[in-house]
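Comments concern the structure below.
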Amino acid sequence: MSKKLSTEGLRDVWDRYAPRYDRDIGFFERIQFSGGREWVCPQATGDVLEVAIGTGLNLPHYPADVRLTGLDLSPAMLGIARTRATELGREVELCEGDAQALPFPDASFDTVVCTLGLCGVPDERGAIAEMHRVLRPGGKLLLL
C-alpha cells in the first residue's frame, strides 16, 4: 500500500534531491527524452509560465522575447534555477508554489509549459486543469 505524501513532504523530498537532479535527469533525457526540451520551449510565446521549473534546465531553450515566470514547489530547486538564470543572463520571475493550486489569476499567460514535471505531482489532472485555467483564450499548453 503506497502512502501519499503531503505537499510539505513532497517539498522536502525535492529539496533534498535538488543538488543531484541535473545529473540524474540527464541520464534519462539521453535515453528516453532526447531533444524534448529543445523541441518544446521554442514554441513558447508571449507571457510564459513554466510549471515545475525545477533547476531551470529549460531556460536556455526559450525564445529571447518571451516574458518568463517559473514556479516550483521546492525552494532548493528554485535556488539552482535562479543561479542558472543569472549565469545565462535570462530574466525570469521565480516563485514557490504548488502546480495543483497555481497562485495566478485566470487567463494570465499566453503559454504554459511543463516538461517532465507532472510525474512529481500527486494530482496531475488537477495540475493540468490549473494550467488550463491560467491560459489566455487561444493560449498554448506545452507538455513533455
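The values are calculated or read from the model by the stated rules, or taken from the named source; none is laboratory data. Small disclaimer: the values here were computed from a predicted structure and weren't measured. Here Cβ is always computed from backbone atoms with ideal geometry, including for glycine, and neighbour counts include all displayed protein chains. Remember, those area values only see protein heavy atoms, side chains included, never the ligands or the DNA or RNA. Shrake-Rupley method; radii C 1.70, N 1.55, O 1.52, S 1.80 Å.
Rundown of residues vs (1) among the aliphatic types (A, V, I, L, M); (2) open to solvent by 50 Å² or more (accessible area, probe 1.4 Å); (3) over 16 Å from V112 (Cα atoms), yes/no style:
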site: R11; (1), (2), (3): no, yes, yes
site: A18; (1), (2), (3): yes, no, yes
site: T45; (1), (2), (3): no, yes, no
site: A81; (1), (2), (3): yes, no, yes
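Every residue, every condition in (1) more than 23 Å from K4 (Cα to Cα); (2) touching a helix residue (DSSP H, G or I) at 6+ places or on another chain (Cβ under 6 Å); (3) aromatic (F, W, Y), yes or no:
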site	(1), (2), (3)
R37	yes, yes, no
T69	yes, no, no
E91	yes, no, no
C95	yes, no, no
F104	yes, yes, yes
T115	no, yes, no
E124	no, yes, no
L142	yes, yes, no
Q) Among (1) surrounded by 13 or more Cβ atoms within 10 Å (Cβ to Cβ); (2) free of Cβ contacts under 8 Å to residues at least 60 places away in the same chain; (3) not in a strand (DSSP E or B), which single condition is P122 missing? A) (2)
Q: Pull up segment 47-73, narrow it to residues that are hydrophobic (A, V, I, L, M, F, W, C) and not in a strand (DSSP E or B), then point me to the one that is most open to solvent (accessible area, probe 1.4 Å).
A: A64
Q) Taking segment 24-39 as the search range and keeping residues that are under 17 Å from T55 (Cα atoms) and at pLDDT 80 or above, which one is most open to solvent (accessible area, probe 1.4 Å)? A) E38
Q) Among (1) modelled with pLDDT under 95; (2) assigned to a helix (DSSP H, G or I); (3) of a type in the set (A, V, I, L, M, F, W, C), which single condition is A76 missing? A) (1)
